[in-house]
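Nothing in this text is a laboratory measurement; each read-out follows from the coordinates by a stated rule. Being a predicted model, the structure only gives us computed values, none of them experimental. Please note: Cβ atoms are built from the backbone with ideal geometry, for glycine as well, and neighbour counts cover all protein chains shown.
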Amino acid sequence: MDANQWPSYNMVNYTGPLSYGAKGDGTTDDTSAVRAALAAATSNNGGRVLFDYGKTFLTGGFNVTNNTILDVQGTILASTNNADFVWTNTDWHPLIRSTNTQNITITGGGLINGQGSIWWKCSFGNGQPPCLNKGRPVLISLVNVVNLVINNVTLLNSPMFNIGADTLTNAHIYNINITAPGSEDPVNPSHNTDGIDVGNSVNVLVENSHISTDVAILANSGWRQVENITFRNLTIGHGHGLTIGADYAIGGIRNVTFTNIVMTGSGGLDTGPNVIVSPEHAGLVQDITYSNIQLYNVGYCITGIVFNNIVCHTANYGWNINGLSNSPIQGSISSIAFANVTNLYPTCQNYNGTCNSGNVKPSCPPASCFTPSSG
């Protein structure tokens, strides 16, 4: 689906937390006013909810319902009081949650600050508040949403995943900035602050954005086939790269593209393209494309299936290709260039595919990597 074909909808109703008593000073708890503004939008079958420019709204978790534009021109500042994030016996209520909805937009040019540092420090089961051995809230949780747009916002220091999306149909995410310290940060490491996790979704376009977190991007399949997902024109800082996960998936993954992406490796990026598949449990994985990827200062350049037109500058390791003897990796390797790689082939086994030695530099994988039927 082309970006110009994303469904549009007009909003005539307008409200905002200031209309319900919010102070917007960054210190007063505005949770009640924020929730009241969203409830008013719900009662009107949607509308534009404005977080005003120059204001900072300190708030706990809230819900976004059908036909709503979350117009974040100022700052949404997540509370660090776990009483503002209801525990549901399985997880904390996210800062922003939209479930079983349609026509949702998050935009405005402002900031959504998760204040995650206090959550990162208690994330390893030490029983301290606010985690209390119960994990951490997601910044934006989207479940079973049809027609989603997120653009022109900054997401900062999420307690856990920044955008955790499951079962999206028709989503366009663009011109956003997602940042948190890396998991190897010596002063204030974050953990599991994934940038954009997309599971069980169809027709998703992510483009023209910057992500520097834990796992940068994950497209993951579970019960539903993941199909027609494109990530393009992105810059990635520290993090675990561009990941496709089909471990324990029955739905499979089809037609996923990563293209025109620069990965700087700042702060400790350890992998670039990364495909995690369990053949014993996963559904079909096909038509996966990584193209026009530039990687700098990474650990492993590539861990995955399809390799085409990739250039890597300075890395500890080149390839990490590990198929199973009874289920080797299928694929093709062409137009690959490695420069200043310390250990080009630390592990490479059970690859059943082709390699174009004419344009793979400095060399194709060793013969021992290939199954007897390939080479």
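By the rule of a C-alpha distance below 20 Å, with chain neighbours fewer than 8 residues away ignored, the lysines paired with residue 55 are 23. Annotation: Cα Rg of the range 153-219 relative to the compact-globule expectation 2.2 N^0.38 Å equals 1.11.
Among 51, 370, a tally of other beta-carbon atoms within 10 Å of each Cβ gives an order, fewest to most, of 370, 51. Average projection, convex hull of the Cα set of the range 12-125: 7.4 square nanometres.
Straight-line cross-link partners of residue 134 among the lysines, defined as a Cα under 17 Å from its Cα and at least 8 positions apart when in the same chain: 121. Among 194, 25, 185, 52, sorting on how many other beta-carbon atoms sit within 10 Å of each Cβ, with the fewest leading, yields 25, 185, 52, 194.
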